[in-house]
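Take a look at the structure below.
The values are calculated or read from the model by the stated rules, or taken from the named source; none is laboratory data. Just so you know, these numbers come straight off a predicted model, no measurement behind them. Every residue, glycine as well, gets a Cβ built from its backbone with ideal geometry; the counts of neighbours run over all protein chains shown. Areas reflect the complete protein model, heavy atoms only, side chains present, ligands, DNA and RNA absent. Shrake-Rupley method; radii C 1.70, N 1.55, O 1.52, S 1.80 Å.
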Amino acid sequence: MIVMDSDEYKAWHEVGHATVCLHLGGDLDLIEFLEENSQGFAVARGCYVMPETERSVACGGFAAEVFLLQSGLIAGVDLNDQKIVSEVSARVFSNAWQDHQEFIGRTVTEDNDFTKEEKEAFMNYSIERVMPIFRHYAEKMKLVVSELLAARSISGAKVRAILEINIPR
């Protein structure tokens, strides 16, 4: 079971971005934990994709978190308890705040929050168009997460090799 906001959970978020990037024909420099960051954030760096696939990559982290939730892999979450699922879902949405902005293509502030339609579009796109990618790579994504946790950084070439994605450039 994966604890929310743990390093493993953060790794899954970034591996989600990286997997979508590579699956859609992009390239990736690396995934790393930002050790100087007190919150222990991780980041997928240098994801190079065509403009028409940027929105999908932006959804990758959120989709990975929803994938973990729906797969019953988040510790302490009973999928039959709607109150808990709702609370976790809100947290997952919050974790993807910056990705959501990239998806809709505008800056969001306290005075100019996401609209209901923007929230639904982000969620639906993530679930319907991005999450299916993970069904193919889920077991290999676990290996990437393990490698990232052990080394704290993993090259894009290593991620590509583990996922077995060999799209000609």
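Numbers at a glance
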item	result
Share of carbon and sulfur in the accessible heavy-atom surface of the chain [1.4 Å probe, %]	50 percent
Within the stretch 84-140, trypsin sites (Lys or Arg not before Pro) in DSSP loop having at most 11 other beta-carbon neighbours inside 10 Å	Arg106
The chain - mean residue ellipticity at 222 nm from DSSP helices (-39,500 (n - 2.57) per run, n ≥ 4, rounded to 500)	-18000 deg cm²/dmol
Lysine pairs with alpha-carbon atoms under 29 Å apart, the chain, spacing 8 or more or separate chains	12
Of the GluC sites (Glu not before Pro) in the stretch 89-138, those whose Cβ has at most 16 other Cβ within 10 Å and which sit in DSSP loop	Glu110
Average accessible surface area per residue within the stretch 12-71, 1.4 Å rolling probe, Å²	40 Å²
Accessible area per residue in Å² at 1.4 Å probe, computed on the stretch 84-156	59 Å²
Electrostatic dipole magnitude of the chain [Cβ: Lys, Arg +1; Asp, Glu -1; Cα centre; debye, to 20]	540 debye
